[in-house]
1. What whole-number value in cubic angstrom gives the convex hull volume per residue for the C-alpha atoms of segment 1-101?
2. Once the dipole of segment 1-142 is set up with Lys and Arg at +1 and Asp and Glu at -1 on Cβ about the Cα centre, which of Cys20, Phe64, Ile128 lies farthest towards its positive end?
3. Test of understanding: extend the Cα→C-beta vector of Ala179 to 7 Å, then name every residue of segment 123-164 with backbone N under 20 Å from that spot.
4. Loop-only GluC sites (Glu not before Pro) in segment 51-107, please: DSSP not H, G, I, E or B, and at most 16 other Cβ atoms within 10 Å.
5. Among Val198, Val159, Gly171, pick out the residue whose Cα is farthest towards the positive end of the charge dipole of segment 114-207, where Lys and Arg carry +1 and Asp and Glu carry -1 on C-beta, about the Cα centre.
6. Between Asp102 and Lys50, take the C-beta separation as r, use R0 = 30 Å, and let me know the FRET efficiency to the nearest 0.05.
7. Kirkwood Rh over Cα pairs of segment 45-131 into Stokes-Einstein at 25 °C, 0.890 mPa s: D in µm²/s?
8. Test of understanding: ordering Val147, Val174 by Cβ neighbours within 10 Å, fewest first, what list do you get?
Amino acid sequence: MRFSKEFTKHLDTLVHCRLCPNMQGNPVHGSVPDAKIMSIGQAPGIHEEKFGRPFAYTAGKTLFKWFASIGIEEELYRSKVNMSAVCRCFPGKAKSGDRKPDATEVENCSRYLRFEVSYNKPELVIPIGKLAIDQLIDNKKYKLDEVIGKKFKKEYYGVELDWIPLPHPSGLNVWNHTAEGKILIAKSLDLIRKHPTVKRELLNKKN
């Protein structure tokens with residue numbers, strides 16, 4: 001994969017970023033230049049930092065099982081989708097699960113998300129998890145059942161795009177295992193499968 005000088009500079013700045021003293025390890029990215037589909041995760045876990053790529057452990061297995069159900073293979077997804085995130089470093093552990101990045105950490109890392117949206121001009125964004133959905137939705141007082149299973153349009157960092165949210169695939173997310181959750185996740189996946197950009201880029205279909 002060939003990177004432009006501008007994208008190479010972006011990656012170099014990202015991987016050497018140390019703006020947030022409470023973040024742990026090295027930044028993780030799944031950056032793909034010129035990708036017309038972008039996913040936005042929340043922040044890497046401890047295993048993602050070790051493997052050096054997003055969704056590389058148990059949550060990733062669930063995520064790619066979801067995508068496999070609509071005919072999208074993991075390695076093709078990784079090669080064609082810019083796998084971005086709200087924060088690129090492991091935040092550390094909390095009492096239950098990983099620590100949620102604070103507002104300063106989210107702001108510090110937003111420069112990388114902003115660049116990737118502006119540079120790639122994606123046609124579809126898939127935010128994964130509440131922190132990622134928060135970056136796109138205007139009304140922050142929402143419930144998952146009000147957004148999962150729906151498609152939205154937005155001008156995001158100057159780019160007109162569609163976005164289809166998914167819940168975080170963590171095993172700690174009990175909502176995913178409810179009857180309603182399963183139905184709405186299936187609806188989101190069906191919307192993703194039917195999106196023209198997904199058909200063109202990931203399913204090799206023209207219409």
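Please treat every number below as a calculation from the coordinates, not as lab data. This one's a predicted model, so the numbers in the text were calculated from it and none came from an experiment. For neighbour counting, all protein chains shown are included, and Cβ atoms are generated from backbone atoms with ideal geometry for every residue, glycine included.
1. 101
2. Cys20
3. So the set is 144-149.
4. Hits after loop and neighbour filter: Glu73.
5. Of Val198, Val159, Gly171, it is Val198.
6. Values: r = 23 Å, r/R0 = 0.78.
My answer for the efficiency is 0.80.
7. Numbers: Rh = 14.4 Å.
This corresponds to a translational diffusion coefficient of 171 µm²/s.
8. Working: Val147 22, Val174 9.
The fewest-first ordering by Cβ neighbours comes to Val174, Val147.
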